[in-house]
Amino acid sequence: PRSTLFPYTTLFRSEKEWWRRGIASLSHIARSWYATKQLNRYAIHSSVFSPNTGSYKALEKVGYIRTGISPRNKVIDGVYIDTYHYTWLNPERIQILYPEGIPKEYEAQIQKARECLKKGDEYVKYI
């Protein structure tokens with residue numbers, strides 16, 4: 001039987017010296033590659049708090065598509081913030097998900113997802 005669980009990654013580094021080094025993007029490449037190549041997933045879902053621009057830019061960089069917003073659903077330091085929801089569509093299964101063709105608004109992100117898998121083929125190594 002096939003698992004119904006989606007793999008997910010939580011990245012949290014409060015030390016600013018680790019910011020803007022591409023670590024989040026590499027992590028998203030690795031998890032997207034693993035979910036596609038090892039788990040045969042058609043999609044991966046992620047959520048990010050709206051002030052965390054580094055996290056959602058890292059998701060977008062490797063092909064995640066913003067698919068929704070939960071408005072003002074979290075309070076941080078007394079301020080209500082939104083949560084952004086993202087989906088990564090497996091480009092190797094896109095014809096199954098969209099037999100009528102890729103929606104125009106998804107084309108650029110699907111291309112990024114293809115590039116993500118190519119990078120994953122190069123970067124991911126089992127030790």
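The values are calculated or read from the model by the stated rules, or taken from the named source; none is laboratory data. Not measured: the values here are computed from a predicted model. Glycine gets a Cβ as well: all are built from the backbone with ideal geometry, and neighbour counts include every protein chain shown. With ligands, DNA and RNA removed, areas are computed over all heavy atoms of the protein, side chains included. Shrake-Rupley method; radii C 1.70, N 1.55, O 1.52, S 1.80 Å.
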Q: May I ask you to verify whether SER50 is more than 19 Å from CYS116 (Cβ to Cβ) and either at pLDDT 90 or above or touching a helix residue (DSSP H, G or I) at 6+ places or on another chain (Cβ under 6 Å) (or both)?
A: yes
Q: Determine, yes or no, whether TYR8 is at pLDDT below 95, part of a loop (DSSP other than H, G, I, E, B) and among the aromatic types (Phe, Trp, Tyr).
A: yes
Q: Give the number of residues within segment 11-47 that are modelled with pLDDT of 90 or more and part of a loop (DSSP other than H, G, I, E, B).
A: 5
**Q.** Residue check for ILE81: over 19 Å from TYR34 (Cβ atoms), open to solvent by less than 70 Å² (accessible area, probe 1.4 Å) and aliphatic (A, V, I, L, M)
**A.** yes
(Q) Every residue in segment 53-68 that is over 20 Å from GLU107 (Cβ atoms) and surrounded by fewer than 17 Cβ atoms within 10 Å (Cβ to Cβ), please. (A) THR53, GLY54
(Q) Go through segment 87-127 and report how many residues are of a type in the set (A, V, I, L, M, F, W, C), buried (at least 17 other Cβ atoms within 10 Å of the Cβ) and assigned to a helix (DSSP H, G or I). (A) 5
Q: Would you check if ARG72 is farther than 25 Å from ILE23 by Cα, open to solvent by 80 Å² or more (accessible area, probe 1.4 Å), among the basic types (Lys, Arg) and touching a strand residue (DSSP E or B) at 6+ places or on another chain (Cβ under 9 Å)?
A: yes
